[in-house]
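Undergrad: Quick one: this structure, given as structure tokens, is what I'll be asking you about.
The values are calculated or read from the model by the stated rules, or taken from the named source; none is laboratory data. Source: prediction; values computed, not measured. Here the Cβ positions follow ideal geometry from the backbone for every residue, glycine too, while neighbour counts run over all protein chains shown. Heads up: the accessible areas ignore ligands, DNA and RNA and are worked out on the full protein's heavy atoms, side chains in. Shrake-Rupley method; radii C 1.70, N 1.55, O 1.52, S 1.80 Å.
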Amino acid sequence: MDLWLIWLIAAGALAVAEIFTLTAALGILGVAALVTAGVAALGVAPPLQFLVFTVLAAVSLLFVRPIAARHLFKPQAERFGVDALVGRSAQVVSEVTGLGGRVRIGGEEWTARAYDETLVIPPGATVDVMEINGATALVYPRE
């Protein structure tokens, strides 16, 4: 079997393995093996093929993988849904205690409980949303 074909099979196997791991490392090694298959098809001696593969893999893993990983594992830029409500201010509609109450958050009424269960927050007070627990906002009064 020709050596270029072995490199091509290795490149395919690494590409398939990358699909299951999503680490970018195996994909980079697969590209290095693919380039080496092309070099082997040109008739370059096996020791030089291994040198091409090693240099290409090392340079790619050191310089390309960190850039790819930074884009793959980028933190979410914005909060959505109820997570976006945490930290916002709200107006108390009906008295809020540790057992219950109602607040208006951005035009919507929510059931609410005091974050500190010993507090009683009167209607009209401005509160901060500390946490959302199911459909209930846990709030704390502004000072």
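Undergrad: What residue, among those in region 127-143 that are open to solvent by 50 Å² or more (accessible area, probe 1.4 Å) and either out of contact with any Phe, Trp or Tyr (no Cβ under 9 Å at 6 or more places or on another chain) or of a type in the set (A, V, I, L, M) (or both), is nearest to residue 95 (Cα to Cα)?
TA: 142
Undergrad: Out of everything in region 40-52 that is in contact (Cβ under 8 Å) with a residue 24 or more places away in the chain and surrounded by 14 or more Cβ atoms within 10 Å (Cβ to Cβ), what residue ends up being farthest from residue 66 (Cα to Cα)? It would help to see each step written out before you state the result.
TA: If we filter region 40-52 for residues that are in contact (Cβ under 8 Å) with a residue 24 or more places away in the chain, which is where we start, we get 40-41, 46, 49.
Subset that is surrounded by 14 or more Cβ atoms within 10 Å (Cβ to Cβ): 40-41, 49.
On the way: 40: 28, 41: 30, 49: 25 Å.
That would be 41.
Undergrad: Would you mind stating whether residue 112 is touching a helix residue (DSSP H, G or I) at 6+ places or on another chain (Cβ under 8 Å), small (Gly, Ala, Ser) and surrounded by 14 or more Cβ atoms within 10 Å (Cβ to Cβ)? Give the steps one after another, and end with the answer.
TA: On the way: touching a helix residue (DSSP H, G or I) at 6+ places or on another chain (Cβ under 8 Å): no; small (Gly, Ala, Ser): yes; surrounded by 14 or more Cβ atoms within 10 Å (Cβ to Cβ): yes.
Against the criterion (touching a helix residue (DSSP H, G or I) at 6+ places or on another chain (Cβ under 8 Å), small (Gly, Ala, Ser) and surrounded by 14 or more Cβ atoms within 10 Å (Cβ to Cβ)), residue 112 does not qualify.
Undergrad: Just one of the numbered conditions (1) open to solvent by 50 Å² or more (accessible area, probe 1.4 Å); (2) touching a helix residue (DSSP H, G or I) at 6+ places or on another chain (Cβ under 9 Å) is not true of residue 66; which one?
TA: Every listed condition holds for residue 66 apart from (2).
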